[in-house]
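Engineer: The structure's right below; bear with me while I get my questions together.
The values are calculated or read from the model by the stated rules, or taken from the named source; none is laboratory data. If you're wondering where the values come from, they're calculated on a predicted model, not measured in any experiment. Cβ placement follows ideal geometry from the backbone for every residue including glycine, while neighbour counts extend to all protein chains displayed. Surface areas here come from the heavy atoms of the whole protein model, side chains and all, with no ligands, DNA or RNA. Shrake-Rupley method; radii C 1.70, N 1.55, O 1.52, S 1.80 Å.
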Amino acid sequence: MSQIIPRRHFLARTLAGSAALCGFQILPAWSASPNEKLNLGIIGVAGRGGENLSGLTSENIAALCDVDDARLAAAQARFPAAKGCNDFRELIDLKGLDAIVVSTPDHTHAVAVSAALKSGRPVYCEKPLARTVSEARFVTDLAREKKLATQLGTQIHAERNYRRVVEWVQAGTLGAIREVHVWAAAVYGGIPKPKDRPPVPAGLHYDLWLGPVPEVPYSPEYVPFKWRNWWAFGGGCLADFGCHFMDLPFWALGLKHPQSVEPVDGPPVDPDSPPPWLIMRYQFPARGAQPPVTLTWYHGGRHPALLTPEQYKNYSSGVLFVGEKGSLISNYHQHALLPEKDFEGQPPPAVKVPN
């Protein structure tokens, strides 16, 4: 390659409009200076945000933002040269930032990402991309318009197990696949709206935490982590784990938009809280030579009837591909061809997806 591309220019020109890739990492690039570092602004510095921050220590952490003073102070103690603020809009207004990382609760993903893109910065956003379908469409369209590097964080996508499953499926080992089951054991929601009105804890900027959401009184049932139990802030188990586990059949089978989505079973709809358990069915059309696919989602202790008790014990959350020649079961870190006796000793397909 004869042209030398400065590292920050490389980042700004790669991954344009991409989605659902992998956990955050600064990508290798041709650089005019091997010592050049990116100036990063980090929105959300604890929980997943703290893990993302720890993964970026090779770069220059130039600015930190969190609505909780104690969490912000702890992050600033690690990066004393970084400017700190509680309002992400102040961070985005700073000069000299090369890229922005968003790791806030779901309800502020879309507004923070949109503001960052409008400022001309590449963005990494923790999954899910947004809280609602309309927000996800808006952010996707904006990323295409701005032609900036974007990346959605689904860290399991970056691990080896999913890559090996994709290779088994795409090698035709299972034959034609028309049926996929996806399940997650986690339980969120199904709880009554809090009635107590305790004071906002000192150091928590609750108005900034609410962001674009209509004002509701503070409750410890919302902040700092229980927000996934409420439609106003998240989407329960499906919004938390759906993108991790459904990522595998989407990747392996080349799925795009479903033709239909329908509830199969679940509790009555609650206007405030997501269902603690649910079964959903997604119908996908044929893709070239591949047949149509029915994908069934389960959460909150529900799972496919096809699983034996032993299989469910080993795969309390997972994915099951059902093919004409056999099946494949997987979770984040392990997988198996079924029936195992039929595939005993079968050599794995060639490695095609780089680790």
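Engineer: For residue 317, all conditions in the list (1) touching a Leu at 6+ places or on another chain (Cβ under 7 Å); (2) under 17 Å from residue 236 (Cβ atoms) hold save one; what is the number of the exception?
Structural biologist: Condition (1) is where residue 317 drops out.
Engineer: Consider the range 44-53. How many of its residues are of a type in the set (A, V, I, L, M) and open to solvent by 10 Å² or more (accessible area, probe 1.4 Å)?
Structural biologist: Residues meeting the conditions: 2.
Engineer: Oh, and also: If you take the residues of the range 105-115 that are in contact with a helix residue (DSSP H, G or I) (Cβ under 6 Å, 6 or more places away or on another chain) and farther than 12 Å from residue 129 by Cβ, which of them is surrounded by the fewest Cβ atoms within 10 Å (Cβ to Cβ)?
Structural biologist: 115
Engineer: Which residues, taken from the range 155-179, are open to solvent by less than 20 Å² (accessible area, probe 1.4 Å) and closer than 20 Å to residue 297 by Cα?
Structural biologist: 156, 162, 165, 166, 169, 177
Engineer: Could you check the range 323-352 and list, in sequence order, the residues that are under 25 Å from the mean Cα position of the chain (by Cα) and within 18 Å of residue 245 (Cβ to Cβ)?
Structural biologist: 328, 329, 330, 331, 332, 333, 334, 335, 336
Engineer: A further question follows. Taking the conditions exactly as written (over 23 Å from the mean Cα position of the chain (by Cα), surrounded by fewer than 23 Cβ atoms within 10 Å (Cβ to Cβ) and in contact (Cβ under 8 Å) with a residue 24 or more places away in the chain), does residue 56 satisfy them or not?
Structural biologist: no
Engineer: Separate question: Looking at residue 266 and the list (1) without any contact (Cβ under 8 Å) to a residue 24 or more places away in the chain; (2) under 23 Å from the mean Cα position of the chain (by Cα); (3) closer than 29 Å to residue 192 by Cβ, which single condition is not satisfied?
Structural biologist: With respect to (1) without any contact (Cβ under 8 Å) to a residue 24 or more places away in the chain; (2) under 23 Å from the mean Cα position of the chain (by Cα); (3) closer than 29 Å to residue 192 by Cβ, residue 266 is out only on (2).
Conditions tested, residue by residue: (1) among the aromatic types (Phe, Trp, Tyr); (2) in a loop (DSSP other than H, G, I, E, B); (3) open to solvent by 10 Å² or more (accessible area, probe 1.4 Å).
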| position | (1), (2), (3) |
| --- | --- |
| 227 | yes, no, yes |
| 237 | no, no, no |
| 242 | no, no, no |
| 248 | no, no, no |
| 252 | no, no, no |
| 261 | no, no, yes |
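Engineer: Under 9 Å by Cβ, and 6 or more places apart or on different chains, what pairs join a residue from the range 66-85 that is open to solvent by 50 Å² or more (accessible area, probe 1.4 Å) with one that is part of a strand (DSSP E or B) and polar (S, T, N, Q)?
Structural biologist: Here the result reads 81/60, each pair linking the range 66-85 to a residue that is part of a strand (DSSP E or B) and polar (S, T, N, Q).
Engineer: Can you name the number of the only condition in (1) open to solvent by 60 Å² or more (accessible area, probe 1.4 Å); (2) at pLDDT below 95 that residue 27 fails?
Structural biologist: (1)
Engineer: Starting from the range 31-44, take each residue that is at positive phi and modelled with pLDDT of 95 or more and list its partners that are assigned to a loop (DSSP other than H, G, I, E, B) and open to solvent by 10 Å² or more (accessible area, probe 1.4 Å), counting only C-beta distances under 9 angstrom and pairs at least six apart or across chains.
Structural biologist: 44/66; 44/67; 44/103; 44/104; 44/105
Engineer: Ok, one more. Does the range 224-239 include one or more residues that are aliphatic (A, V, I, L, M) and farther than 22 Å from residue 269 by Cβ?
Structural biologist: The answer is no, given that none of the residues of the range 224-239 is aliphatic (A, V, I, L, M) and farther than 22 Å from residue 269 by Cβ.
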